[in-house]
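The values are calculated or read from the model by the stated rules, or taken from the named source; none is laboratory data. In this text the structure is predicted, and so the values were computed from the model without any measurement. Reconstructed Cβ throughout: ideal geometry from the backbone, glycine too, with neighbour counts over all protein chains shown. Calculation scope for accessible area: heavy atoms of the full protein, side chains included, ligands and nucleic acids excluded. Shrake-Rupley method; radii C 1.70, N 1.55, O 1.52, S 1.80 Å.
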Amino acid sequence: MFNSLTGTITGKLPQTLYLDCGGIEWDIAVPDTTLDALPAVGSTARVYTWLLHREDAVRLFGFSAAEDRALFLNLLKVDGVGTRGALKIMSGISAEQLVSALDGEDIARLEKLPGVGRKTAQKMLLALKGKLSLESEPSVRVQPRAVSPWEDVIAALVNMGYERRMCEETVTRIAQELTAQEPGGQISDSKNHAVLEEQLFRRAIVELAQ
């Protein structure tokens, strides 16, 4: 799984960025705050990416900073907030303001965000309050906690409607089984990791659908 793309910005549209990397133009879904943070069309930029891969869709998401990507992934943990909802939320508020609203339990501020009603605002508080913190820069960092190496697979399953805790448990168990089949019980390189991700995703779907 790639971490970022560096190339020439060829276009900017609402929540969409076009980035040319060596003759391949990527269509990347981004929050409007990322568009504002990146340089003008024609400039070179680095975009931190996250790939959504499921049976009916493949979509690439991009962010101007790794911390913004982390915020996006945390928003996906909120029940009822999918990828489109997370982009809308991030387009309507800065990371600083979002953390402040969460820590201050400012339901009224959260309700004003695009696509967020009172119930979703309450779910955001329950899922994220106290789990995000600001540093000296206007960015969001997740407080230290174990991050699964299969987070992309888990997030893809959650976006398909499965409960996150069940996805984490299922993915972790299957990953241990698949990894044990590797020589020496370890993943030797990124290629093997990608292959295991694909196998893991397919097996997890079958088990979760039962």
For a quick protection proxy, order the peptides 165-175, 59-69, 33-43 by their average other-Cβ count within 10 Å, most packed first. 59-69, 165-175, 33-43
Along the Cα-to-Cβ line of residue 164, 7 Å from the Cα, sits a label point; which residues in the range 47-78 have backbone N less than 18 Å from it? 50-53, 67-78
Work out the length of the dipole vector of the range 1-137 about its Cα centre, built from +1 on the beta-carbon of each Lys and Arg and -1 on the beta-carbon of each Asp and Glu, and round it to the nearest 20 debye. 440 debye
How many nm is it between the label spots at residue 131 and residue 16, if each spot is 7 Å from the Cα in line with the beta carbon? 3.2 nm
For the pair residue 179/residue 44, report the inter-label distance in nm, with labels modelled 7 Å from Cα in the Cβ direction. 3.7 nm
Run the accessible area of the range 1-83 with a 1.4 Å probe and give the carbon-and-sulfur part as a rounded percent. 50 percent
